[in-house]
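Encoded as structure tokens, the structure appears first; notes follow it.
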Amino acid sequence: MAASGARSGSTGQWNEGGHLVQSGPRAGITGPDDHNGEARRAGGVLTIDLNAIVENWRQLRDLSAPAECAAVVKADAYGLGAAIVAPALAAAGAKTFFVAQLTEALALRPLVPDARVAVLNGLLPGCEADYLDADIVPVLNDLGEIHRWRAAARRVGRPLPAFVHIDTGMSRLGLDRPGLDSLAADPTRLDGIANQGWMTHLAYADNRDHPMTPAQRDRFDAATARLPTAPRSLANSPGIFWGAQYTYDLTRPGCALYGVNPTPGAHNPMRNVIRLAGRIRQVRHVDAGDTVGYGAAHQMARPGKIATIAIGYADGYVRALSGSGHVVIGGHRAAVVGRVSMDLITADVSDIPEAVLEREDLAEVLGPDYPVDAAAANAGTIGYEILTALGDRYARRYVGGPTPEARL
Ligand SMILES: *Cc1c(COP(=O)(O)O)cnc(C)c1O
């Protein structure tokens with residue numbers, strides 16, 4: 001029996017069968033199918049396959065070895081529920097978790113008690129005690145942050161752990177060139193800091209034909225050669241697929257864990273993780289010339305059938321999928337026509353047999369037959385945005401869970 005669940009903020013416990021039993025404010029229904037309780041009431045059912053996430057992590061871990069493979073669970077594990085995803089990955093052996101915000105780290109900390117939890121966005125001024133008290137590792141992004149963390153270490157009289165980020169081409173976070181020069185000239189600035197590693201972030205690893213990634217690696221090598229020895233970390237998900245020269249000591253995959261293709265243009269090596277099913281509310285016959293939805297943006301060229309599905313842009317179904325998205329009903333593909341509304345989409349189901357439409361009351365809106373990357377391509381965006389936009393109105397159902405490795 002599968003368990004259903006919630007986003008972070010609720011708590012879960014693994015029962016003897018290895019299934020997640022959910023409790024908390026958004027606790028879902030536990031049932032053998034999608035037609036009970038919360039799932040029956042909701043406009044959409046989002047199923048999240050924890051086994052697929054764990055298998056994806058294991059694949060990335062094996063590709064990263066001998067480097068350690070961390071897990072990036074920022075933005076609520078890319079929308080999939082960090083409070084449930086991170087403990088599943090910890091049970092599979094993940095020892096380091098990266099989030100973006102301090103608030104995310106504070107929420108995650110008690111759920112992965114044995115793991116390192118690091119904050120990519122750095123050491124917030126005036127919050128040093130929060131990192132200290134909760135044993136959270138800041139990624140230090142400039143000399144000021146290094147100075148403040150060192151002062152905190154002096155106050156408590158023991159070394160404090162941190163990663164140090166060096167910018168090699170993002171111009172976003174991390175030490176800039178003058179910062180790097182100052183640190184190289186005076187490494188005692190790091191006294192009192194237990195350096196967990198030098199880190200940098202790739203700008204264009206998803207484009208294999210561009211020289212940016214090797215250039216960043218060379219800059220990272222040159223920078224770290226001027227600094228005290230510490231572990232090094234460079235690769236995000238696409239970076240891991242550049243091979244052994246890019247994995248260094250610690251890799252930081254995010255999107256690939258959640259099934260987004262880390263090798264765009266090539267076959268997706270990751271397992272599909274989510275299935276979003278939207279409830280079909282009506283199927284109607286329309287005549288040639290009838291218009292569909294706001295702005296009369298779609299006009300029927302022939303008589304046919306329109307299905308109305310209870311998911312809209314308020315659920316993260318981006319408006320850019322108006323007239324370009326697809327849904328899959330009983331294995332049959334149908335085009336999303338007309339504009340995406342706040343709470344509804346409309347699909348042209350003229351070519352789907354009547355018997356199928358009578359049988360099915362859910363349409364696959366995202367999933368194995370219409371992957372996140374396909375929706376992203378149709379919307380002119382990236383899979384990351386499709387995932388992190390997923391809304392809160394779905395019934396969430398988690399399947400699978402931590403399995404002792406020996407049993408696999
Ligand atoms: C988000 C992020 C990652 C993970 O990137 P993916 O492309 O999702 O694998 C790794 N490192 C840093 C610094 C990040 O901001």
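Within segment 289-317, what residues put their amide N at less than 16 Å from the label point 7 Å along the Cα-to-Cβ vector of His332?
The answer is 303-309, whose backbone nitrogens lie closer than 16 Å to the label point.
Sorting check: for 350-362, 214-226, 154-166, which peptide has the highest mean count of neighbouring beta carbons within 10 Å, and how do the rest follow?
154-166, 214-226, 350-362
If you average 1/r across every pair of different Cα atoms in segment 52-125 and take the reciprocal, what Kirkwood value do you get, in Å?
Details: mean 1/r = 0.0812 Å⁻¹.
Computed over Cα pairs of segment 52-125, the Kirkwood hydrodynamic radius comes out at 12.3 Å.
Suppose R0 equals 22 Å; then what is the FRET efficiency for Arg41 and Met342 from their Cβ-Cβ distance, rounded to the nearest 0.05? Don't jump to the answer; show the numbers that get you there.
Working: r = 18 Å, r/R0 = 0.84.
So the FRET efficiency works out to roughly 0.75.
Where does the charge balance sit around Gly295 when Lys and Arg score +1, Asp and Glu -1, over other residues with C-beta under 12 Å from its C-beta? Can you show the working numbers first?
Values: positive: Arg319, Arg339; negative: none.
Its environment carries a net charge of +2.
Give me the extension gain from Arg302 to Asp176: residue separation times 0.36 nm, minus the current Cα-Cα distance, reported in nm with one decimal.
On the way: separation 126, 0.36 × 126 = 45.36 nm, distance 6.02 nm.
Contour length minus the Cα-Cα distance gives 39.3 nm.
Return one whole number: the accessible area per residue of the chain in Å², for a 1.4 Å probe. Don't jump to the answer; show the numbers that get you there.
Details: 17480 Å² over 408 residues.
So the chain comes to 43 Å² accessible per residue, rounded to a whole number.
Can you give the FRET efficiency for Ala100 and Asp361, using 1/(1 + (r/R0)^6), R0 = 41 Å, r = Cβ-Cβ distance, to the nearest 0.05?
On the way: r = 38 Å, r/R0 = 0.92.
Calculated value: 0.60.
Provide Glu104, Glu55 ordered by accessible surface of protein heavy atoms (probe 1.4 Å), highest first. Write down the numbers at each step before the final one.
Values: Glu104 45, Glu55 85 Å².
Largest to smallest exposure gives the sequence Glu55, Glu104.
Per the 1.4 Å probe, what fraction of the accessible area of the chain, in percent, lies on carbon and sulfur atoms? Display every interim value, and only then the final one.
Details: 8820 of 17480 Å².
About 50 percent, which is the carbon plus sulfur part of the accessible surface.
Please report the orientation-averaged projected area of the chain, defined via the convex hull of its C-alpha atoms, in nm². Numbers along the way, then the final one.
Numbers: hull surface 87.4 nm².
In nm², the orientation-averaged hull projection of the chain is 21.8.
Mind giving me the FRET efficiency for Asp191 and Thr229? R0 is 22 Å, r the Cβ-Cβ distance, nearest 0.05 is fine.
Details: r = 15 Å, r/R0 = 0.70.
It comes out at approximately 0.90.
Give the ranking of Tyr131, Tyr384 by solvent-accessible surface, highest area first, calculated with a 1.4 Å probe. Mind dumping the intermediate values first?
On the way: Tyr131 0, Tyr384 75 Å².
Accessible-area ranking of Tyr131, Tyr384, largest first: Tyr384, Tyr131.
The values are calculated or read from the model by the stated rules, or taken from the named source; none is laboratory data. Here the structure is a predicted model, which means the values were calculated and not measured. Reconstructed Cβ throughout: ideal geometry from the backbone, glycine too, with neighbour counts over all protein chains shown. SASA here: full protein model, heavy atoms, side chains in, ligands and nucleic acids out. Shrake-Rupley method; radii C 1.70, N 1.55, O 1.52, S 1.80 Å.
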